[in-house]
Structures are given as C-alpha cells and as structure tokens.
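Chemist: Can you read through this structure? Questions will come right after.
The values are calculated or read from the model by the stated rules, or taken from the named source; none is laboratory data. Just so you know, these numbers come straight off a predicted model, no measurement behind them. Virtual Cβ from ideal backbone geometry, glycine too; neighbours counted across all protein chains shown.
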Amino acid sequence: MNMARALGLFANLLDVDKFVSINRLQSCDNPVYIDRNAPTADGVLSYEIFGSSTFERQNRMAYIDLSPHHYMTPLAAATLNSYDRTLNKILYSQGRYRFEDGKLIEDFVNGESGPDFLYEIWGKVKVKDKETITTKEVQKFFEVPREQLFIDKFPIIPAFYRDLNVSGEGAYIKKSSNVINSQYSSMIAYTKTLRKYTDTFGHMANLTQSRIQSVMVDIYNALMVQQVKGKPSKFGLIRRAMQGKNVNYSARLVISSPILQRSSYRDVMVKFGTAVVPLAYTITCFFPFVVHHMKRFFDQEFLQGGKYPYLDDQKQLRYTTITRSYSENEITDMITHYLNVPADRHNTVLTPEDVQGRRFPMLITGKFGQENTTITRLATITDILYIVAKIATEDKHVFITRYPLDNYNGQWPGRVEISTTVRTTPAIIGNKYYPFFPICEGDPANNFIDTLQFSNTMLGAMNGDYEMTVTLHSPLRERSRKNKSVNASQAVWAQAC
C-alpha cells in the first residue's frame, strides 16, 4: 500500500468494509500512541500493526473502528454544505431538528442532530433540485446509496509517512506528523467514550460524534487538499509530479483575456469553439505535421516552381536555378532553432545553393493591408512557419485541459487559430487569404503573443480564470495513418500513439 494509493482512499467513495477485509487491516484501539518513548502495541504507530521495517511501515495500513455509529465519508462531508445547508448543520450538531412528514422542523428542545441522526433520515428528506451544471453534479454525487456515503470504519495511512523521527526523502507529512497522529488518537478516544456512555447525555453524545466527523474532515483536508492539491496549488503533490513529466506534442499555456475591441465580429480572432494558440506552441503540438508540410512547401518553392527569384545587390529582381530542397533533418533543425531562440524569429530564410553554389534570402510576394498593396519583400522564418502551420492545422483540433480533471467540463476540443505578433495585417499570398498575417518588425523578444486565448463562455464552463495554466495536446485519428499525404515519420508517430 503506497502513499498514492493510501491518499486515493480519501478521493473516492470507497467500500471501507470490503477494503479492510481484503487487506486484512488491523484496528488501532489505544489513544495513547507513545509510552516511555516507544510506540504502544495497539496505537497508531504500533510496530505490531504497521511492522518494524521500512517496507512494512510504508505499505501497511490500519483502521479505527467507529461502530456502532455511522459517519459521513470525508469526501462527502466536505461538500455537503453545497448540497444542503440544513443537512450540513445536522451533521455538525449546529442545530436540532425533528423529522415529520418528509420535512425537517427546527426544534431546540425535542429535536436531534449529529451523524447518526443524519444517517437515519438520509434519503427521506426532499432536497431542492439543482439548476446549474456544477450543482447538478453535486446532487448526482449525493444521490448514491446511503451505504456508500456513510462509514463505520476509518482508514489510517501507513505509519512511515507520519513517524515522529522521519528524516528521509519519502516523508510527505514530516512537519505535521504530531498533528495527524493526535487527530487519529482523538478519534479513538472519542469513540471509546461513546461506547462507554451509550445511553446518557444524549446531546453531548451528538456533539462528540460531530467532533469525530470534524476530525475526519480535518484529516482529509490535511492529506488531500493541502498535501495533494496544495495550498497554494503549486506546492501540491499533483502539481509537483506533473512538473516532472512531459507529454510529447503538448504545451502548457497561461490563459489571457481575448482582444474584442474590433469594428466587426468578423475582425475578432477569438471565435466560439476556437482556441487561439501562439505560433511556437502550435508548432510544438503539431510538430510532425509542420515538418511534413514545410518539406512540401520548400519542394514546391525550389524544385517545382521553375526559376527561383532573388534580389541582386541593386535590389533588382533576378532568377536562378535551384536543384535541391531542404531535407527533413534540416527543417527540424530550423524549427528547433526557432522555438529555442526567440531573438532570431525575424531572421530571413536563405535558399539552398543554386547551380553556382550561391544562397539568397527567400522572397515573399502578396497583397498586404486594407489597400491590398502588392509587396515583394524578404521572407522571415515567422512568415514561412505561419503559412505552413496554417496548412498543417487547417483540419485539426487541439484539446485544452484544466487540471485537476474532475469533470467533463475540464476538457474541450477547439479548432486552431494561430496568433503570432502583437500587430497583424490582412494579406493575400498566392490564392489564400490570411486575416491575421504577422508584421515582423521591432524586437522579436517582446513582439510575440505567448498566451492562450479562447471564448469567455468556455472559461466559465471550465470553472477557470485568466492567468490560469492549462495543458494543450493534439489528438490523432485512426485515418491519419491511412492518409497518403502523411509521410513515414508521421505514420510511425500515429501508430505509437
């Protein structure tokens, strides 16, 4: 039983009785866990229960027997207030109620409260139907059978992660080991008290049960919210684990506000169902496709277009013959340099050697601006990669994922629109229209957009916010391997995925 699996007990509605039986867990019954500087035999640090070797103490769990009372599982108790406030008050003995004709009536004299009373009336009280997507999910969660929401045994994580003298790298809870051990011991002490004084001091018994419930939620918050999710989140186990792993052909981007100040909706780059991804990250997500289409682009320019134009020293247009194109390896090096050295993104691209061994800056010709002025100028690497990336992503989607992925709203597919420089212009190159063609002027170090933008309506559905980081990755379809235009390297990549 490793730590990840142990913490997973708090993130799911576990059948605790079955879990205890299958793993043959032993019960901790002594609230005193240290006696004469040694763990007690039946306490929460026991050598007899958790073992004495490192491996045993890392993998052995135990449990606290809460019977004959029932308590709400911590995951449900932590979110009960979002489902119904009155039921939440009963759980924590913050009010006394009596149940009549399917309704709860507040009664401070003859009413009842506490986890046992909530267990008794659960499923009989009519809760108002929820309306929003989020609250409907909460309602669906609490509509499971009562036996899944209430427990009479509480798991204890392995002793290694809360040993008092832990000094190794694997200690997740070193700083709070005293706290969590005291919490486990408090639950044992409260439970023993309830068993001893069963039929006396009814209101005090309810308060004691609610105190046990609170301690269970406190342990859940310490392990799951603070340790796993993290407060702040960048220090959580999930975030730290994700930072150490890279997924091929994916990117992590910060969400920024879309620019909507335009004279017409047609001039807005951010449209519903579209993800506006920076050029560099588009290339990262669709790298094999960009390499393939860039190879085809260069082949058409240098080998299939006849004489290639260039500017001589007097800026006069001349023509030459080029007999070779760039290979996939050369193109890969070119793109990698573009991604790793942002300062060179306005550099011009040179042609391969012509028949005389000369190389010239590539040219780009098109109609630019609102006036459709025909211009021939030197082509930058950004110009070429933008044209190629537009072709490569013409029929592609990108998946945007917000972690932790706890419901279906956390991920959605968007059509790809590519952002480049801060200033853009409409352009017609060849027979294709580009409404947001990059203007490669100024300092490239701060001239490029490097954040993700999409419709505000999708942001709300994801329960996200600006300056939040999300993950992008490109999906592949089965027919990608059957498409004749896909080269061998792409086919291998598609098959591997």
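Chemist: Restricting the search to the stretch 37-59, which residues are buried (at least 19 other Cβ atoms within 10 Å of the Cβ) and either within 36 Å of the chain's Cα centre (by Cα) or within 30 Å of Ile133 (Cβ to Cβ) (or both)?
Modeler: Across the stretch 37-59, the qualifying residues are Val44, Leu45, Phe50, Arg57.
Chemist: A further question follows. Going by what's in this entry, would Leu350 be described as under 25 Å from Tyr434 (Cα atoms), in contact (Cβ under 8 Å) with a residue 40 or more places away in the chain and within 48 Å of the chain's Cα centre (by Cα)?
Modeler: The answer is no for Leu350.
Chemist: Please state which one of Gly366, Gly414 is within 26 Å of Cys285 (Cα to Cα) and in contact with a Gly (Cβ under 8 Å, 6 or more places away or on another chain).
Modeler: Gly414
Chemist: Please tell me if Tyr97 is surrounded by 14 or more Cβ atoms within 10 Å (Cβ to Cβ) and free of Cβ contacts under 8 Å to residues at least 60 places away in the same chain.
Modeler: Criteria met by Tyr97.
Chemist: Can you tell me which residue among Leu378, Leu385 is of a type outside the set (Phe, Trp, Tyr), modelled with pLDDT of 90 or more, touching a Leu at 6+ places or on another chain (Cβ under 9 Å) and surrounded by fewer than 21 Cβ atoms within 10 Å (Cβ to Cβ)?
Modeler: Only one candidate qualifies: Leu378.
Chemist: Taking the stretch 392-408, which residues are farther than 30 Å from Asp465 by Cβ and surrounded by fewer than 17 Cβ atoms within 10 Å (Cβ to Cβ)?
Modeler: Answer for the stretch 392-408, where residues must be farther than 30 Å from Asp465 by Cβ and surrounded by fewer than 17 Cβ atoms within 10 Å (Cβ to Cβ): Glu394, Asp395.
Chemist: Considering only the stretch 7-118, give the strands (runs of 3 or more DSSP E) lying wholly within it that have at least 1 residues that are assigned by TED's automatic domain parsing to the domain that holds Glu131 and either of a type in the set (Ser, Thr, Tyr) or touching an Asp or Glu at 6+ places or on another chain (Cβ under 6 Å) (or both).
Modeler: Once the strands (runs of 3 or more DSSP E) in the stretch 7-118 are filtered for at least 1 residues that are assigned by TED's automatic domain parsing to the domain that holds Glu131 and either of a type in the set (Ser, Thr, Tyr) or touching an Asp or Glu at 6+ places or on another chain (Cβ under 6 Å) (or both), what remains is 62-65, 97-100.
Chemist: Can you pull out every residue in the stretch 328-347 that is in contact (Cβ under 8 Å) with a residue 24 or more places away in the chain and in a helix (DSSP H, G or I)?
Modeler: Glu328, Ile331, Thr332, Met334, Ile335, Tyr338, Leu339, Pro342, Ala343, Asp344
Chemist: Return the residues of the stretch 403-440 that are more than 24 Å from Ala392 (Cβ to Cβ) and in contact (Cβ under 8 Å) with a residue 60 or more places away in the chain; say none if nothing qualifies.
Modeler: Tyr403, Pro404, Asn407, Asn409
Chemist: Name the single residue, out of those in the stretch 297-327 being touching a helix residue (DSSP H, G or I) at 6+ places or on another chain (Cβ under 9 Å) and part of a loop (DSSP other than H, G, I, E, B), that is surrounded by the fewest Cβ atoms within 10 Å (Cβ to Cβ).
Modeler: Thr323
Chemist: If the Cβ limit is 8 Å and pairs must be 6+ apart or interchain, which residue in the stretch 103-124 that is at pLDDT 85 or above pairs with which residue that is among the polar types (S, T, N, Q) and part of a loop (DSSP other than H, G, I, E, B)?
Modeler: That search, which allows pairs on different chains as well, returns Ser113/Ser93; Ser113/Gln94; Gly114/Ser93.
Chemist: To continue, here is another question. Just to verify a result, which residue in the stretch 414-442, among those that are assigned to a loop (DSSP other than H, G, I, E, B) and more than 33 Å from the chain's Cα centre (by Cα), is nearest to Thr380 (Cα to Cα)?
Modeler: Cys440
Chemist: Here is a follow-up. Pairs under 8 Å by beta carbon, first residue farther than 14 Å from Asp152 by Cα and in a loop (DSSP other than H, G, I, E, B) in the stretch 172-196, partner of a type in the set (A, V, I, L, M) and at pLDDT 80 or above, six or more apart or different chains?
Modeler: Close Cβ pairs satisfying both conditions: Ile173/Ile180; Ile173/Ala222; Ile173/Leu223.
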